[in-house]
Amino acid sequence: MKENIKEQLVKVAQEVFKQYGFKKSTMDEIAHAAYKGKSSLYYYFKSKEEIFRAVVELEASDLRSQILQAVEGVDDPKEKLRQYIIARMRGFRNMSNFYVAIKDDFLSNLDFIEIIREKYDDEELQIVSNIIEEGIEKRIFKELDVELTSRALTVIMKGLEIPLFITKELKDIETNVNNVLDILFTGINR
């Protein structure tokens, strides 16, 4: 029962943070949106930072699950990389609190944010490295420096986040990702 209420509060807080942002959201607003008293909210969470952390961790977990589901069962490493990037971009668009947490310098003063950023970066680098290694093993990709290639791809993805989020339709994201991957896979030579 307590866990259900806590989960419900996190989901409500997720929407409040999405609407107002971390700085402008208050515990009063979260309690009001959850139809609870502020004291009930403080029973489960000591502070706004603690509930924000729960929201960010929930979104990070959801994103991880979506990405793994997108690449599960895909045998071709090129297609796996494509599905990974599309799922990642789609997930970031839908998980604005997590995206803000890993990008907003203001939030860097929250201790848990840096831990979440590092964990996410490490996980992302590992997933991309695994796909690159699989492609090399299957002789689909040429022999590459896996670490360097993986880091380059993750930097490229991070650089494309803002331009891709400006587009309104997911189709545009997929088209843009496909165009970038076509350059990666075929080069810019004639």
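The values are calculated or read from the model by the stated rules, or taken from the named source; none is laboratory data. Please read all numbers here as calculations on a predicted model, not as lab measurements. Reconstructed Cβ throughout: ideal geometry from the backbone, glycine too, with neighbour counts over all protein chains shown. All accessible areas refer to the heavy atoms of the entire protein, side chains included, with ligands and DNA or RNA removed. Shrake-Rupley method; radii C 1.70, N 1.55, O 1.52, S 1.80 Å.
Side notes on the structure shown:
- HN-Hα J in Hz across segment 132-138 - Karplus 6.51, -1.76, 1.60, θ = phi - 60°, x for Gly and Pro: 4, 4, 4, x, 5, 4, 7
- Residue-averaged [θ]222 nm for the chain, counting only DSSP H segments that reach four residues, each worth -39500 (n - 2.57): -27000 deg cm²/dmol
- Among the protein heavy atoms, those of I173 account for about 0 Å² of accessible surface (1.4 Å probe, every chain in place).
- When all protein chains stay in place and ligands, DNA and RNA are ignored, the 1.4 Å accessible-area order of M95, M1, largest first, is M1, M95.
- Taking every protein chain into account, the accessible area of the chain amounts to 59 square angstrom per residue (probe 1.4 Å).
- Accessible surface ranking that places the most exposed of K24, K6 first, with a 1.4 angstrom probe: K24, K6
- Across the chain, the mean sequence separation of Cα contacts (distance under 8 Å, 6 or more residues apart), normalised by length, yields a relative contact order of 18 percent.
- In loop segments of segment 27-85 as defined by DSSP, the trypsin sites (Lys or Arg not before Pro) with at most 16 further C-beta atoms inside 10 Å of their C-beta are K46.
- Label selected from (i) 64, 30, 30; (ii) 44, 42, 30; (iii) 64, 34, 27, the criterion being Cα extents along the principal axes in Å as computed here: (i)
- Separation in nanometres of the label points that stand 7 Å from Cα toward Cβ, at N130 and I5: 3.8 nm
- Long pairs among K23/K78; K48/K119; K24/K80, criterion Cα-Cα beyond 30 Å: K23/K78; K24/K80
- Fraction of accessible area attributable to carbon and sulfur, the chain (%, probe 1.4 Å): 51 percent
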